[in-house]
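What follows is a short report on a single structure.
The values are calculated or read from the model by the stated rules, or taken from the named source; none is laboratory data. The structure presented is a predicted model; accordingly, all values stated were derived computationally and were not measured. Please note: Cβ atoms are built from the backbone with ideal geometry, for glycine as well, and neighbour counts cover all protein chains shown. Heads up: the accessible areas ignore ligands, DNA and RNA and are worked out on the full protein's heavy atoms, side chains in. Shrake-Rupley method; radii C 1.70, N 1.55, O 1.52, S 1.80 Å.
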Amino acid sequence: MIKAVLFDLDGVIVSTDRCHYRAWKRMADEEGIYFDEKINDRLRGVSRMASLEIVLERSPRAYTEEEKAALAARKNDYYKDLIRELTPADILPGAMENLNELKKNGILTAVGSSSKNTPLILRQIGLDAFFDAVSDGNNISHSKPDPEVFLKAAEMLGVEPADCLVVEDADAGIEAGRRGGIKTLSVKGAVGADYFAPDLSDYSIFRRIIR
Ligand code: BG6
Ligand code: MG
């Protein structure tokens, strides 16, 4: 029986893809590194430093660990400037209705995100006090596809992983759920899940899974 739903944040509750793209693109352009939307797609669900390694695959030169830390910090500064513009209007269509409906039905909700900017994003979109637990890039040592972020969320809620459902838009996130022994719902075409929906516009998908 599903007692809790663990939501990925970026791409599921709010669309930050464009902000990540613009921030990485600005940093890459300054460094003379080729970067495009297709490369950006590979960064979905992947931690900041792992994302940087993907961006640097196209770099004409090697960077020291110190330089890499500076590049990641610079990208994050650009990214934070962009997400400070987010408002509750940026919550993806249907997400709020689904979250409220789950609450009404006594289902616990949590965030399970790789992002260290989760607290800022939740504040910007007015959901900082909504979730029963928030597990994010600040309290994990292994990023998705490792299950740690979701297992910590389940633990915070006091619910067994087998009684949770993960909602994800990234292949790495679906794999993380699966590896953690958690059922998974894919939105936007993430592969390998137990259940699929194009987006969260319809509560009937949860009604069918939760019963
Ligand atoms: C994930 C995004 O939610 O967070 C990734 O899908 C991103 O693209 C990752 O790299 C880490 O984000 P941040 O905010 O800690 O740099
Ligand atoms: Mg995501």
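Some observations on this one:
- For segment 141-165, a residue qualifies if it is within 15 Å of ligand 2 (Cβ to nearest atom) and in contact with an Asp or Glu (Cβ under 6 Å, 6 or more places away or on another chain), and exactly one does: Pro145.
- Candidate set: segment 121-134, residues that are in a loop (DSSP other than H, G, I, E, B), touching a strand residue (DSSP E or B) at 6+ places or on another chain (Cβ under 7 Å) and among the hydrophobic types (A, V, I, L, M, F, W, C); chosen: the one farthest from Glu101 (Cα to Cα): Ile125
Residue-by-condition table, conditions (1) among the polar types (S, T, N, Q); (2) surrounded by 17 or more Cβ atoms within 10 Å (Cβ to Cβ); (3) over 13 Å from the mean Cα position of the chain (by Cα); (4) closer than 21 Å to Asp41 by Cα:
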residue: Thr118; (1), (2), (3), (4): yes, yes, no, yes
residue: Arg123; (1), (2), (3), (4): no, no, yes, no
residue: Ala133; (1), (2), (3), (4): no, yes, yes, no
residue: Val167; (1), (2), (3), (4): no, yes, no, yes
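- Odd one out for Leu71, checked against (1) modelled with pLDDT of 95 or more; (2) open to solvent by 60 Å² or more (accessible area, probe 1.4 Å); (3) in the same structural domain as Lys25 (by TED's automatic domain parsing); (4) more than 10 Å from ligand 1 (Cβ to nearest atom): (2)
- Within segment 15-43, the set of residues being closer than 30 Å to Ile182 by Cα, aliphatic (A, V, I, L, M) and more than 10 Å from ligand 1 (Cβ to nearest atom) comprises just one member, Ile39.
- Any chance Tyr78 is in a helix (DSSP H, G or I), more than 16 Å from ligand 2 (Cβ to nearest atom) and among the aromatic types (Phe, Trp, Tyr): yes
- Residue within segment 136-153 that is open to solvent by 70 Å² or more (accessible area, probe 1.4 Å) and among the polar types (S, T, N, Q) present: yes
- Checked against (1) in contact (Cβ under 8 Å) with a residue 60 or more places away in the chain; (2) under 29 Å from Glu85 (Cα atoms), Gly177 passes all but condition (2).
- Within segment 34-75, the set of residues being farther than 24 Å from Asp171 by Cβ, part of a loop (DSSP other than H, G, I, E, B) and not polar (S, T, N, Q) comprises Pro60, Arg61, Ala62, Tyr63.
- Test: residue in segment 1-21 that is farther than 26 Å from Pro119 by Cβ and touching a strand residue (DSSP E or B) at 6+ places or on another chain (Cβ under 8 Å): yes
- Options Leu86, Leu92: the member that is touching a strand residue (DSSP E or B) at 6+ places or on another chain (Cβ under 8 Å) and open to solvent by 30 Å² or more (accessible area, probe 1.4 Å): Leu92
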